[in-house]
Amino acid sequence: MTRSALPSSEITPESVYLDRRRFLAAAGVLGAGLVVAPALGACAPAAADASQQGSLGTPYGLQPYDKPNSYEDVTSYNNFYEFGTGKEDPKANAQQFTTKPWTVKVEGLVSKPGDYQLEDFLKPSKMEDRIYRMRCVEAWSMVIPWRGVPLADVIRRAGPTSAAKYVEFTTLYDPKRMPGQGMRYLDWPYNEGLRLDEAMHPLAMLVTGVYGRDLPNQNGAPLRLVVPWKYGFKGIKSIVRIRLTSAMPKTAWSEAIPSEYGFYANVNPEVDHPRWSQATERRIGQFRRIPTLMFNGYADQVASLYSGMDLRRNY
Amino acid sequence: MAPVGGIARQPRGFGVLLVLAALAPAVVVVYAMLSDLFMGSNWLGADPVKSGEHLLGEWTLRLLFGTLLITPLRRVTGWNWLAKHRRTLGLFAFAYVSLHLLTWTLLDVQIGISEYVGWADIKKDILKRPFITIGMLAFLLMVPLAVTSTKKMIARLGKNWRKLHRLVYVIPVLGVVHYWMAVKLDITEPAIYALFLAGLLYWRARQARITRAAATVPSPAETVAA
């Protein structure tokens, strides 16, 4: 991601982040704890917040009041209907799920289609730790330190042809391993999609970990999508296929309830869900409501993708 | 009909026990919710407000079903002393729905608490979102029933009291519809409630038919058969 596209006031400049890491490493070698405190004081206050988050990753688009949710909250409360419809079901029902070996099929309008072992698929990219905001369409939210690679990297390597306009993602379909697929809540397998320019945006991420650890099964192991300016359900989990297409892909929730869930699903406080307001949200782990931000706080980076579009119609 | 199990009279302490049993879930849920929110415990998961709100709603339905279960139970068992406890269950149902509503307004929507939420928002919720409209209607219909539950009111309203309290058949239907419409996709649980309620209402309808038939003059054929 280009430095200029970030809201500079809200993130730690990478140089500061790296400098501090090097500095702390050096301090650690010297065992000079007494020296560290005044030295850190010198770069306060900006570094004070960042020092807490530095070990978890680089913050992207965080507000001053945003703090990462606990590992416990992130890994015990989410939607993953393949393992049940309750928020605690995924953790309860996904423990036996095996993710090794895992093959990702790349196909469609690409110059290099193929089946890849997950490790080979990701190896050429540099893993990054990034702290993102996550806004669920149900009006709750979290702040999550993800580990993964830019989606754009992977797509570039696949070589989209000039006819490619959209990217379609598909979850594993295996009712024996994913018990929720025995019920027809959704038209399995779960599908999601992005416009190609959305997919190429540097904030879109293919994620393999959380909190610096491997992604737990309940969070979509071993490979999931994270698009921080869209509602959480766009973040398709346990991906087995990525296909480049010329037509807009069908997506699971907009097929199930088209009046409530659209293809774009951009976080938008001005466009209500038919059954509840999207103007505010409850942050898991804290009591008071906070305002929902346009594009979940990433408007500076992504709003240009949608210039001229009627966001009320393209919800 | 003869009493089953020889309990023609109410066992001692039953009334107190029933009150405690009906009270317990509210105490547990409200305590767990507030403790999770403000004291850092983790009884109800990562979103204690939603969990607590839903549990209070479900207990409202269970208590409403309880009031409808009294008469069939009396018929089957002959325990006619159950009749006077219908009011207890009904009043507890009203208490639970009030807590459900309070949780929604104060802790979930946060009217008067969050600076980002105003009365206009809750008005919009109630008027524009059918599942909330229906839930609110069910609550409003319960208010006159709770108010007229005293002996004095029963005496004062006379025949009209029975008419008014026929709302007990309407309210749980609205409650189940509210629950059904609130879930996203997985309707398993509201469907179980709906099935149970359908059973209770079917029994009533059949009973009413039998009563009506008995009230009319028996035909000669029936007399002969008897």
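Some observations on this one:
- Annotation for the A:B interface, with buried accessible surface near 2300 Å², both sides summed [1.4 Å probe; non-protein components not counted].
- Most mobile of B:Arg74, B:Arg12, B:Arg129 in a GNM of chain B (Cα contacts under 10 Å): B:Arg12
- 1.4 Å probe accessible area per residue over region A:199-281, in Å²: 27 Å²
- Once the Cβ-Cβ distance of A:Ala163 and A:Lys126 is raised to the sixth power relative to R0 = 30 Å, the FRET efficiency obtained is 0.55.
- When both region A:78-107 and region A:134-189 are represented by their alpha-carbon centers, they are found 12 Å apart.
- Spin-label zone in region A:176-197 - amide nitrogen under 12 Å from a point set 7 Å from the Cα of B:Thr188 along the C-beta vector: A:179-185
- Counting Cβ atoms of other protein chains within 10 Å of each residue's Cβ and taking the mean over peptide A:106-114 gives 0.
- Of the residues in region B:32-46, those shielded by at least 50 Å² of accessible area once partner protein chains are present, compared with the chain alone at a 1.4 Å probe, are B:Ala46.
- A:Tyr298, B:Tyr179, ranked by accessible area, largest first (probe 1.4 Å): B:Tyr179, A:Tyr298
- Using the alpha-carbon positions of the protein assembly as shown, Rg (one decimal) and Dmax (whole number) come out as 29.1, 109 Å.
- At R0 = 41 Å, FRET efficiency that the Cβ-Cβ distance of A:Lys67 and A:Tyr173 yields, to 0.05: 0.65
- For region A:198-212, the Karplus equation 6.51 cos²θ - 1.76 cosθ + 1.60, evaluated at θ = phi - 60°, returns couplings of 5, 5, 7, 5, x, 7, 6, 9, 9, 10, 10, x, 9, 6, x Hz by residue, with Gly and Pro reported as x.
- For the residues A:Val74, B:Val76, a 1.4 Å probe over the protein chains yields an accessible-area ranking, largest first, of B:Val76, A:Val74.
- Here the Gaussian network model covers chain B, with springs between Cα atoms less than 10 Å apart; of B:Tyr31, B:Tyr116, B:Tyr96, B:Tyr116 fluctuates the most.
- Relative contact order of chain B, defined on C-alpha pairs under 8 angstrom at six or more residues apart (%): 17 percent
- Of the whole protein surface, B:Val147 contributes about 90 Å² of accessible area at a 1.4 Å probe radius.
- Inter-part distance where region B:135-188 and region A:250-284 are each reduced to a Cα centre, Å: 32 Å
- Mean Cα-pair separation over length for region A:179-294, i.e. relative contact order, pairs under 8 Å, 6 or more apart, %: 20 percent
- Shielding by partners, peptide B:198-208 (average Cβ within 10 angstrom, other chains): 0
- Each peptide in A:266-276, A:303-313, B:196-206 receives the mean, over its residues, of other Cβ atoms within 10 Å, and ordering these scores from highest gives A:266-276, B:196-206, A:303-313.
- The Cα-based radius of gyration and maximum Cα-Cα distance (Dmax) for chain B are 20.9, 77 Å.
- Candidate lysines for bridging to A:Lys230, where Cα separation is under 23 Å - those fewer than 8 sequence places away on the same chain excluded: A:Lys67, A:Lys87, A:Lys165, A:Lys250, B:Lys50, B:Lys184
- Reciprocal mean inverse distance between Cα atoms of region A:16-306 - Kirkwood radius, Å: 20.1 Å
- Contact residues in region A:262-285 (at least 50 Å² less accessible area with all protein chains than alone, 1.4 Å probe): A:Arg275, A:Arg282.
- Rg over Rh for region A:165-211 works out to 1.08, both radii taken from alpha-carbon positions and Rh defined as the Kirkwood radius.
- Separation of the B:Met39 and A:Ile290 label points, Cα + 7 Å toward Cβ, nm: 2.7 nm
- Residues of region A:165-210 whose accessible area, computed with a 1.4 Å probe over protein heavy atoms, drops by at least 50 Å² once all protein chains are present relative to their chain alone are A:Tyr185.
- Overall Cα dimensions of region B:137-221, principal axis frame, Å, largest first: 55, 42, 15
- Taking all Cα pairs closer than 8 Å and separated by 6 or more residues, the relative contact order of region A:16-306 comes to 19 percent.
- Computed from the C-beta positions of A:Asn314 and B:Thr150 and an R0 of 45 Å, the FRET efficiency is 0.20 to the nearest 0.05.
- Fraction of accessible area attributable to carbon and sulfur, the protein assembly as shown (%, probe 1.4 Å): 62 percent
- Accessible area per residue in Å² at 1.4 Å probe, computed on chain B: 59 Å²
- Working from label points 7 Å from Cα in the Cα-to-Cβ sense, the B:Leu167 to B:Thr216 distance is 3.3 nm.
- Number of partner chain Cβ atoms within 10 Å, mean per residue of A:65-73: 1
- Comparing B:Pro144, B:Pro11, B:Pro172 in a Gaussian network model of chain B (Cα springs below 10 Å), the most mobile by mean-square fluctuation is B:Pro11.
- Reference-scaled alpha-carbon Rg (2.2 N^0.38 Å with N residues) for region A:210-295: 1.26
The values are calculated or read from the model by the stated rules, or taken from the named source; none is laboratory data. In this text the structure is predicted, and so the values were computed from the model without any measurement. FYI the Cβ positions are ideal-geometry reconstructions off the backbone, even for glycines, and counts take in every protein chain you see. The protein model used for the area step is the full one, side chains on, heavy atoms only, and it has no ligands, DNA or RNA in it. Shrake-Rupley method; radii C 1.70, N 1.55, O 1.52, S 1.80 Å.
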